[in-house]
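Notes to accompany the following structure.
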Amino acid sequence: MTAKDTGAMRRWAETAEAIRATRATSKKSSIVAEYLRSLGDEDLGIAAVFLSGRPFPARDQRKAGLGWRAITTVVQKVAGVGDGAMGQAYDRSSDVGTAVGEVLETAGHAPAGRPLALAEVAGAYVRLATTRGRDAKAQVFADLLHRADPLSARYVTAILGGELRIGLREGHLEKGIAQAFEQDLAAVQWAGMLTGDIGRTARLARDGALDTARLSLFHPLKSMLASPVADEAEALSRLEPPVWVEDKYDGIRALLHRQGDEVRLFSRDLNDITSGFPEIVEAARAVDWEGILDGEILAWRDGAVLPFLQLQTRIGRKKPTAQVLAQVPVIYVAFDVLALGEGSPPEPLLREPLRERRRRLEALDLPGTPGFGLAALVDAADEVELERIFAEAQERGNEGLMLKDPASTYAPGRRGYAWLKLKKALTTLDCVVVGAEVGHGRRHGVLSDYTFAVIDDRPGAAEGALVTVGKAYTGLTDAEIAEMTKWFEAHTLERFGRYRKVEPTVVVEIAFDVVHASSRHKSGYAMRFPRIVRIRDDKSAAEVDRLSTVAALHERLQVAGRSGVLTDGTMST
């Protein structure tokens, strides 16, 4: 590499490789700092955004729109290999970027022309987002690959798909920026949250201008996260009682931004989901406040929360039909306010204590606003009271409880002990594994995703017939998964790509939070958040639970109860 190539994509890729190669978080941040410190103004902003694992800043909602089929076709053509090469490489790694690099490396691909600059890659991402037509998009991607060496191509593709996977968390990147330009880490984090652009934040840090960052509406902010606790005792050891308690709703977490007639909704993963919920947009336009709310979108009819599986039919629909809107109506239930006021920008409230934010939230009179609700809030002083509140929340079909310190500030994207989530399994069921699938990420080489079933004891069912009720991929150790992979490979009945239909012999105990009616499984039911508690070597497939048990659990949860939402000034029933 020559001096003029210091901003090339190859150097960025080598930096990413160095970050991936170390497990020490302090070393990761140091590598970032050294690299960023060496860059010019344009490359600095682009490199920081790419290190966040995105082609565009978080506030930028553009999508490249290049799917697996197009990527596969282009890579195989550029590499000069036959059909199936990408699929085989992907099966070995379960990572698209790695597969691209492997195919090009194996084919002896050499880049044509001068090395790719970061600005050229960024420009190609913009063209991918704005170009219409699969063939035109494919040509943009092909032009990139022709000029990229295999390592650069790997990371060009990884960034494009948002699957960087080098072990660099947001906190490591922020720390690297602070270290590179000798700035306070908290100031870097605050500016990054306000701007929604880690590239701009890096430039502000270099210029010593972090204090000039201002909150702007209509870019996604990260949601404050809660730390899980095992039981009431642990919760009260973390928070000094009395603690504030809300139901943990089974909906879609979303931040609602409003200014004038403009309303936008952003999901927890920072996607703009506004068009999918037009009734909430219209309801928000009728209110007389401006700012940002944090809350949950719930499926809602006649003052009661509908099961999440019904809400799922709304997910991913950019323009829901009138029929869908009628079948699954929704409501926005707020539990926090992050900015408020008629100024531009509105007053940020994130550094105000929760008790003040709640006071400001309650003053908006959301329970009296059609289409809106307010999270019901109660105090709990001891374990007995918490146990009672939890049981009531679970019986009305909610996931559990949110426990909050009323003095806490709002920390976007952070997981601390100011907010806690208390969840417990509704119960456990013994099920038999009927299918196993190759996992992703660090479990790409093993069968780690298990589909399980219970015995169908409905009238007319064949004796011993099995019907599926869920799929789980958490709960077992790496050693257990490795052992089960060997067993399932040896006892596979049929193969369907990455999925294996296996002998129904292995019994597992499954914990879950809620059971819903569902057409996804032949049983007619689906478990919410299933996880494997243990392998039941002491039980045979004939001893697993029956479908009638699952049905009874579902019926129990259908008993009408309070929803934990304030509407029309009262607790809804």
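The values are calculated or read from the model by the stated rules, or taken from the named source; none is laboratory data. Remember, it's a predicted structure, so these values are computed and weren't measured experimentally. Here the Cβ is made from the backbone with ideal geometry for all residues, glycine too, and neighbour counts use every protein chain on show. With ligands, DNA and RNA removed, areas are computed over all heavy atoms of the protein, side chains included. Shrake-Rupley method; radii C 1.70, N 1.55, O 1.52, S 1.80 Å.
Per-structure values
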| read-out | value |
| --- | --- |
| Hits in region 135-174 - residues which are basic (Lys, Arg), in contact (Cβ under 8 Å) with a residue 60 or more places away in the chain, assigned to a helix (DSSP H, G or I) and touching an Asp or Glu at 6+ places or on another chain (Cβ under 9 Å) | Arg154 |
| Count - residues of region 186-210 that are modelled with pLDDT of 95 or more and part of a loop (DSSP other than H, G, I, E, B) | 3 |
| Residue tally, condition hydrophobic (A, V, I, L, M, F, W, C) and modelled with pLDDT under 95, over region 350-362 | 1 |
| Ala226 vs. criteria out of contact with any Gly (no Cβ under 7 Å at 6 or more places or on another chain), closer than 30 Å to Leu422 by Cβ, aliphatic (A, V, I, L, M) and not in a helix (DSSP H, G or I) | yes |
| Meets criteria (open to solvent by 20 Å² or more (accessible area, probe 1.4 Å) and in contact with a Phe, Trp or Tyr (Cβ under 9 Å, 6 or more places away or on another chain)) for Arg317 | no |
| Sole exception among (1) buried (at least 20 other Cβ atoms within 10 Å of the Cβ); (2) modelled with pLDDT of 90 or more; (3) touching a strand residue (DSSP E or B) at 6+ places or on another chain (Cβ under 9 Å) for Glu282, by number | (1) |
| Failed item, numbered, when His516 is tested on (1) buried (at least 17 other Cβ atoms within 10 Å of the Cβ); (2) closer than 14 Å to Leu447 by Cα | (2) |
| Tally, over region 350-366, of residues that are touching a residue at least 60 places away in the same chain (Cβ under 8 Å) and open to solvent by 20 Å² or more (accessible area, probe 1.4 Å) | 1 |
| Test: residue in region 289-302 that is more than 30 Å from Glu387 (Cβ to Cβ), open to solvent by 50 Å² or more (accessible area, probe 1.4 Å) and touching a residue at least 40 places away in the same chain (Cβ under 8 Å) | no |
| Yes/no for Ala453 being under 15 Å from Val550 (Cβ atoms) and modelled with pLDDT of 95 or more | yes |
| Residue list for region 332-349, restricted to those being part of a loop (DSSP other than H, G, I, E, B) and either of a type in the set (Asp, Glu) or surrounded by 20 or more Cβ atoms within 10 Å (Cβ to Cβ) (or both) | Glu342, Pro346, Leu349 |
| Elements of type strands (runs of 3 or more DSSP E) in region 467-513, at least 1 residues being crowded, with 16+ Cβ neighbours inside 10 Å, among the charged types (D, E, K, R) and in contact with a Cys (Cβ under 6 Å, 6 or more places away or on another chain) | none |
| Filter result (open to solvent by 40 Å² or more (accessible area, probe 1.4 Å), among the charged types (D, E, K, R) and either within 26 Å of the chain's Cα centre (by Cα) or within 22 Å of Ala148 (Cα to Cα) (or both)) within region 14-44 | Glu14, Glu17, Arg20, Arg23, Glu42 |
| Single match in Val156, Val96 (criterion: buried (at least 19 other Cβ atoms within 10 Å of the Cβ), within 26 Å of the chain's Cα centre (by Cα) and at pLDDT below 95) | Val96 |
